[in-house]
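I have placed the structure first, in the form of structure tokens, so that the comments after it can refer back to it.
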Amino acid sequence: MKYERYNFKHKETIVTILAENERQYKLAVDAILRARRLIEERIKKDPYFLITYEPYETEDELDDVTLRMVRASKIAKVGPMAAVAGTISAVAVEKMIEAGNFALVDNGGDIAMYAYEDITIGIFTPKNLNLGFKINPRGFYSVCTSSGTVGHSVSLGFADAVTVFAKDASIADCFATRIGNEIKEDFGKKEIEKVLKELWRDARKHIDGVIVVKDEVIGRIGKVPELRKVQIEPDLITKG
């Protein structure tokens, strides 16, 4: 597939956009700005939306973006802001396909895509283990990663990377946060596998699989791509 790589930043949102043409890129930017505006309006109306770590309840009628965040957070039993990056990626990709057959948005490690060809994605960790995987999206798909050691996103755990595979980016983002919160500082392989088995009871109905990386320990559950060695290019990592 042929595509152009674009970088876009607006406030806390820093994204890499892979698009077939400039119109797709502009559609993605418009969708991102709209999503941010709607989220900011909700926070201004009710600041609790921003700070709660619990599922959000309101009698207000929500817009399509914040409603998606609230629904996903209730499924994963976390706060709605756990879905913010994945949701923004998803709405951008959904808009992009109006002008092409391939689209990918990486919002700080929370990736939404629309594609029918294999895509190789790397997992960046502090020790840079050069881990990655190849997936075949077959339409809409998402790969969302939470980390307690990399980046500025809030995590209450100590995993270097919790990567969730699912159709729905909002749900994948929320479960990445939830699982990441459960990985404690002294956990080894046995403890990580126990967390995954326990959380899988809730998660398996909504996501395909999970990979957890902590130090040099790797845990996995569900249907996940085969890990492989890849060359991580730091300049291509979406970061602020």
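No lab work stands behind these numbers, since they all come straight from the coordinates. Because the structure is a prediction, the values reported are computed rather than measured. With ideal geometry, Cβ positions are generated from the backbone for all residues, glycine too; neighbour counts draw on all protein chains shown.
Computed quantities for the displayed model
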item: Qualifying trypsin sites (Lys or Arg not before Pro) in segment 94-144, DSSP loop, other Cβ atoms within 10 Å at most 13; result: 127, 138
item: Check: the chain dipole with +1 on Lys, Arg Cβ and -1 on Asp, Glu Cβ, in debye; result: 420 debye
item: Among 219, 7, 89 the positive-end extreme of the charge dipole of the chain (Cβ point charges); result: 219
item: Those aspartates and glutamates that a straight Cα-Cα span of less than 18 Å connects to residue 26, excepting residues fewer than 8 apart in one chain; result: 4, 94, 98, 106
item: Order of 196, 104, 33 under a 10 Å beta carbon neighbour criterion, fewest first; result: 33, 196, 104
